[in-house]
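Right, one structure below, let's go through it.
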Amino acid sequence: MCFKDPGVAEFGLHNALMTVGDQFIEVVSPIADNTAAGRLLDRRNAEVTAYMVMFEVDDLDARIAELEAAKVRTVWSGDFPTIRGRHLHPGDVGGAIVSLDQPNPAGSWLWGGPTWTAHTDNETVTSIAGYTIAVEDPAAVITLWSLFGLLRSVRFVEGSTSEIELTATDRGAAGTSFSLDQVSVRLV
């Protein structure tokens, strides 16, 4: 684990971040009633589910202007000295909350903590290879994410189990998997 962000309390959550190469997986848990994450868990009758996908971009203003023109709502905006971020309304894009973030300098990541650096212990995994997110209507979500240039390393399937694929350092471990309620983690 690399960081617990006290800032997520704004959303009624607490979290833990786990670094995977120069990326991270964030696990959040509601600590207040009526949070977006809590409502999603209730709708999916789950204790663990896919919730958000974050993208580092270098053209945040242009992307947001395009999304606003398409009537996609922004549910959160943050502008800080080293990063600017926008969360898109999941009802407008489907599948998950999308966070578009423009760090300065590129590759820095305030959300990973004030001392964020890429993880150097690649003994087990080296990177996040992709996500598969379970949704009710995969074709509709794929269309929207494609339209907005978001369909990168993300797939959508019908059902209730989402998957995170991690690149295994030991190629012999590829195929190993474990599940946490509605999220499967698989080494590829």
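Things worth noting here:
- Given charges at Cβ of Lys, Arg, Asp, Glu: segment 6-187 dipole, positive-most of T82, T19, L180: L180
- With each label modelled as a point 7 angstrom along the Cα→C-beta vector, the D170-D137 pair spans 4.5 nm.
- Relative contact order [Cα under 8 Å, 6+ residues apart], segment 6-187, whole percent: 20
- Farthest positive-ward along the chain dipole, Cα basis, beta-carbon charges - from A9, P103, G38: G38
- With a Förster radius of 25 Å applied to the C-beta separation of V188 and C2, the computed FRET efficiency comes to 0.65.
- Converting the Cα gyration tensor eigenvalues of the chain into ellipsoid dimensions via √(5λ) gives semi-axes, longest first, of 24, 21, 18 Å.
- A straight line joining the Cα centroids of segment 24-73 and segment 93-143 runs 11 Å.
- Local charge for R155 was computed over the other residues whose Cβ lies under 10 Å away, with Lys and Arg +1 and Asp and Glu -1, and equals -2.
- Spherically averaged projected area of the convex hull of Cα atoms, segment 36-128: 7.6 nm².
- Length added when fully stretched, V48-E10, from 0.36 nm per residue minus Cα-Cα: 11.6 nm
- Helix-derived mean residue ellipticity, 222 nm - over the chain, DSSP H n ≥ 4, -39500 (n - 2.57), to 500: -4500 deg cm²/dmol
- Charge tally in the Cβ shell below 13 Å around L67, where Lys, Arg are +1 and Asp, Glu are -1, L67 excluded: -1
- FRET efficiency for the pair A118 and S146, taken as 1/(1 + (r/R0)^6) with r the Cβ-Cβ distance and R0 = 25 Å, rounds to 0.30.
We did not get these values from a lab; they are worked out from the coordinates using the rules stated. Because the structure is a prediction, the values reported are computed rather than measured. We place every Cβ from the backbone using ideal geometry, glycine too, and count neighbours over all the protein chains shown.
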